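First up is the structure itself, then whatever we jot down about it.
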Amino acid sequence: MEFTKEPSFSLLSSKDFVPEKYVRDLSQNFVGGSELQTLHKKIQTLSEETSSNLKKNVYKNYVQFIDTAKEISHLESEMYQLSHLLSEQKSLLTALSTTSILEDLVPMNIDHENKVNEKDLEEDNKQKLAAILEKVEGCKELLEVPGRTFLYEGDLLEIDPTENTALKTVHVYLFTDGFMITNRNSNSRSLMKYIYEIMYDLSSLAVVNVRDLGNVKHAFKLLIFPDTRVFQCSSNGNKKDWLDQFDQAKKTRLTQEQQKRESIVDKSPSRSVSVDSPSYNPFDEYEDDIGLVHPEWFMEVPEELDVCIAQRHFEDALTLLQRAKEFIIQYVAANEQSDHVMIDIQRKVEQRQNQLTEVLMKELEVNPDKSLQGGLRAARRAVRLLNQLGRSKQSCDLYLKLCSSMLETQCRRVRKEGSTATYIRHLSSVVFTNLCHMSEEFLSAFPDSPSCASAYVVWASAELSLFSTHFIQQVFLPAITLSIITECVVLARIQCERLYNYGVDLCYQLDGALRSSLTKSFRETRDKLIDSIGLQADEDTWIPVNLHTKIALGRCLQEYAQMNLDLDSYVTGEELLYLKYFKSLCTYWIYKIKNSPS
C-alpha cells in the first residue's frame, strides 16, 4: 500500500488497509507532534462525516422500510383473497366427491356431537373466567369480550430489564387475546386475593427467550411498545410451559382472525362472482347481513397508530384517533349493535390511545437522566396534545413538577459570593424572573381551566415558602445589621411585586413569612442600642458643654424639645449647658424603654 500524507475515504476504506502499518508509516514520515495533530483532526473529520452519512442513510432506509411494509400488507391481502378462492374451490370439489345418496346422515350426527363438545368447553371457560373475577379486583370487563378463552396462569418474578434486579412477584393470566398482570392484595380484610394492574393485547406484544446470565435464570422478555418487561419463572420446565402457551395463544388468535375473515368473505357477493369477471374487485367495499363492511383505512388504524407513535408523529396519531372515534360514534348511532370487527378495532384504538398518553406523559416526566436544556418550550407540544386527549389534570401536575425542577436547578447556579445583599439580589431576581416566565407559559398552556389555575396558585405558594425559608436562613443572622436586613427585604418584595402583571399576588404571603423574623430583629437591635447608650452613659464624665453662642444653645434646646426633652433647667450662664445632672435623666429613659410593652 502506497503511503500518502493526506488521508482519504478511499484509502481508509480500502480492503487492503492495515491500521498498524498505516500508523507505523505515519510515525516514520511525520516529524513533530503538530503534523500528527493536524492529520488526527482530518481523520476525525472524516469519521464525523461518515457517521453523519450513516445516520442519514438509516433514516432514509427506515422510511423506505415503512413504505415497503405497507406495500407488503396490500400484497398479503391480495394473496389472501386468492388463497381463499382456491380453498373455496377445493371445498366445493370435496363436497361433490363425498356427496351420498343417503343424505349425509352420519356427518350430521358427527356435527351434532362437535356442537355439544363446543358448548361444554364454552361453559367450562365461562366458569374459569368467573372464578378469576372472584379472585382479582378491578377486572369486571373480563367477560365482556366475546370469544375470550382462558389458557394458563401462574406466579412470576418481575426483573428490572436494565439492572437485572428483582422488582416484585406478580400473578399473571394468559388468554387467547391478551396477557393480564395482577399484584397481590395487601389488604388482608379484602376477599379479593389479587389486584388488577394491566391487560396487554396479544397482538401488540412479542415474547423473547432470555438466556441464563448470572442471577437471572429461566426468564423470558415481553416487548410491549414502548416498554420492555422481564419475568423469571420458577424452573426451566415452567418457562417452557409458558413459552408453549404463548405460542398456542398466538396460533389460536391467528385461527380466529382467519375464521372471521372467511365469514366476512362468505357473506359478500364475491362468492357468486368469478375472478375473471372484469367487475370483480377484492378491495371494494361490500355489504353483508349486518351492514356496510368497514373501510380499509379504518381496518388499518391500529397499525397506522403504531407507526405514528414509533416515528413520534404525535399530531398525526391524534388526528387519526379522532377520526377513528368519530367513525365509531357514527357507526354505533346508525346501527343498533356493533359487530365483532368493530369491537375489536375499538378496543385496539383505546389501547393505542393509552400508549400515546403514556409516551406524552414520559415527555414531561423529570428524571436525573433527562436534560432540561429545552426548558418549558420543549414541553409545549406534549402539554397541548395531552390537553386534547382530555388529560389536562395529569399534564398540569407533570408540568408543575417540571417547573419545580427547573427552578431548583436555576437557584443552585446562584453562588453565594460577596455581600449578603448582593446574593439576595441575584437569588430573588432568578426566582421571580423564572416564576414570571412560568406564569406566562402556564397561562398560554392552560388558558381556560379553573382547576389547573388553582393548582398553579398552590404550587406558586409552595415555591414562595421554600424561597422564604431560604431567605430567613441567609439574612436573619446575628452578624447581619438591621440596615442590610432592610435592604434585602426591600429587594425581595420589589421582585415579588412583578407577579402582579400575571394576576398573582404573593406579597402578603412573603410579608407574613418574614414578620416574626423582622420583629425579632427589631427587638434585638433595640436592646443592643439601649445597652450601648447605657454603657456610654456610665462611662461619660458629664462635664458642662460650652456652646459658645446663644444661637447654638437655642438650636440645641430646640432639637431636644422635639424629642420631648426639656433641658432649660440644665442651662447655666448664657452659653453653658451643664449636663452633669442629665445623666440621671438618661438612666430614667433607658429604664422606661426597656420595660415598655412594645
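The values are calculated or read from the model by the stated rules, or taken from the named source; none is laboratory data. Please read these numbers as outputs of a predicted model, since none were measured by experiment. For neighbour counting, all protein chains shown are included, and Cβ atoms are generated from backbone atoms with ideal geometry for every residue, glycine included. Calculation scope for accessible area: heavy atoms of the full protein, side chains included, ligands and nucleic acids excluded. Shrake-Rupley method; radii C 1.70, N 1.55, O 1.52, S 1.80 Å.
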Completion exercise
Of (1) open to solvent by less than 40 Å² (accessible area, probe 1.4 Å); (2) free of Cβ contacts under 8 Å to residues at least 40 places away in the same chain, Gln394 fails just (1)
Exercise for the section: Evaluate segment 325-342: report whether one residue or more is at pLDDT 85 or above, in contact with a strand residue (DSSP E or B) (Cβ under 6 Å, 6 or more places away or on another chain) and of a type outside the set (Val, Ile, Thr). Expected result: no
Problem - Residue selected from segment 195-221 under the condition in contact with an Asp or Glu (Cβ under 9 Å, 6 or more places away or on another chain) and more than 22 Å from Gln351 (Cα to Cα), by the criterion surrounded by the most Cβ atoms within 10 Å (Cβ to Cβ) - result: Ala219
Exercise for the section: Kindly indicate whether Glu487 is open to solvent by less than 70 Å² (accessible area, probe 1.4 Å), closer than 23 Å to Leu518 by Cα, assigned to a helix (DSSP H, G or I) and in contact with a helix residue (DSSP H, G or I) (Cβ under 7 Å, 6 or more places away or on another chain). Expected result: no
Handout entry: Failed item, numbered, when Trp459 is tested on (1) touching a helix residue (DSSP H, G or I) at 6+ places or on another chain (Cβ under 6 Å); (2) farther than 27 Å from Asp397 by Cα; (3) modelled with pLDDT of 90 or more
Key = (2)
Problem - Counted residues, segment 222-257 - those being modelled with pLDDT of 70 or more and either outside any helix (DSSP H, G or I) or under 24 Å from Asp344 (Cβ atoms) (or both) - result: 25
Practice task
Determine, yes or no, whether Arg413 is closer than 26 Å to Asn354 by Cα and charged (D, E, K, R).
Solution key: no
Exercise for the section: Being buried (at least 16 other Cβ atoms within 10 Å of the Cβ) and in contact (Cβ under 8 Å) with a residue 24 or more places away in the chain is the filter; apply it to segment 162-176 and report the residue that is farthest from Gln248 (Cα to Cα). Expected result: Val170
Practice task
Among the residues of segment 187-218, write down those that are touching a Leu at 6+ places or on another chain (Cβ under 8 Å) and closer than 17 Å to Phe175 by Cα.
Solution key: Tyr200, Leu205, Ala206, Val207
Practice task
From Tyr456, Tyr500, Tyr508, grab the single residue that is of a type in the set (Phe, Trp, Tyr) and surrounded by 14 or more Cβ atoms within 10 Å (Cβ to Cβ).
Solution key: Tyr456
Fill in the blank from the handout: The number of residues in segment 459-484 that are open to solvent by 50 Å² or more (accessible area, probe 1.4 Å) and within 14 Å of Arg425 (Cβ to Cβ) is 1
Exercise for the section: Please verify whether segment 512-520 includes one or more residues that are at negative phi, under 34 Å from the mean Cα position of the chain (by Cα) and loosely packed, with under 13 Cβ neighbours inside 10 Å. Expected result: no
Handout entry: Selection count, segment 445-493, where residues are under 26 Å from Arg526 (Cβ atoms) and touching a residue at least 60 places away in the same chain (Cβ under 8 Å)
Key = 6
Exercise for the section: Could you figure out which of (1) open to solvent by less than 60 Å² (accessible area, probe 1.4 Å); (2) over 24 Å from Ala310 (Cα atoms) isn't true of Asn187? Expected result: (1)
Practice task
Please indicate, with yes or no, whether at least one residue in segment 47-70 is open to solvent by 70 Å² or more (accessible area, probe 1.4 Å), at pLDDT 75 or above, in a helix (DSSP H, G or I) and more than 30 Å from Cys308 (Cβ to Cβ).
Solution key: yes
Exercise for the section: Could you tell me whether any residue of segment 391-407 is at pLDDT below 90, of a type in the set (A, V, I, L, M), closer than 30 Å to Leu305 by Cβ and part of a loop (DSSP other than H, G, I, E, B)? Expected result: no
Exercise for the section: Look at Ile329 and say whether it is of a type in the set (A, V, I, L, M, F, W, C), open to solvent by 90 Å² or more (accessible area, probe 1.4 Å) and assigned to a helix (DSSP H, G or I). Expected result: yes
Practice task
May I ask you to verify whether Phe179 is in a strand (DSSP E or B) and either among the small types (Gly, Ala, Ser) or in contact (Cβ under 8 Å) with a residue 40 or more places away in the chain (or both)?
Solution key: yes
Exercise for the section: Go through the residues of segment 346-360 one by one and say whether even a single one is without any contact (Cβ under 8 Å) to a residue 24 or more places away in the chain and farther than 30 Å from Glu257 by Cα. Expected result: no
Problem - Number of positions in segment 429-453 that are open to solvent by less than 40 Å² (accessible area, probe 1.4 Å) and part of a helix (DSSP H, G or I) - result: 12
Exercise for the section: Answer yes if at least one residue in segment 412-422 is part of a helix (DSSP H, G or I), surrounded by 13 or more Cβ atoms within 10 Å (Cβ to Cβ), in contact (Cβ under 8 Å) with a residue 60 or more places away in the chain and not acidic (Asp, Glu), and no otherwise. Expected result: yes
Practice task
Would you check if Met192 is open to solvent by 30 Å² or more (accessible area, probe 1.4 Å) and in a loop (DSSP other than H, G, I, E, B)?
Solution key: yes
Exercise for the section: Scan segment 193-221 for residues that are touching a helix residue (DSSP H, G or I) at 6+ places or on another chain (Cβ under 8 Å) and within 19 Å of Phe150 (Cα to Cα) and report the count. Expected result: 7
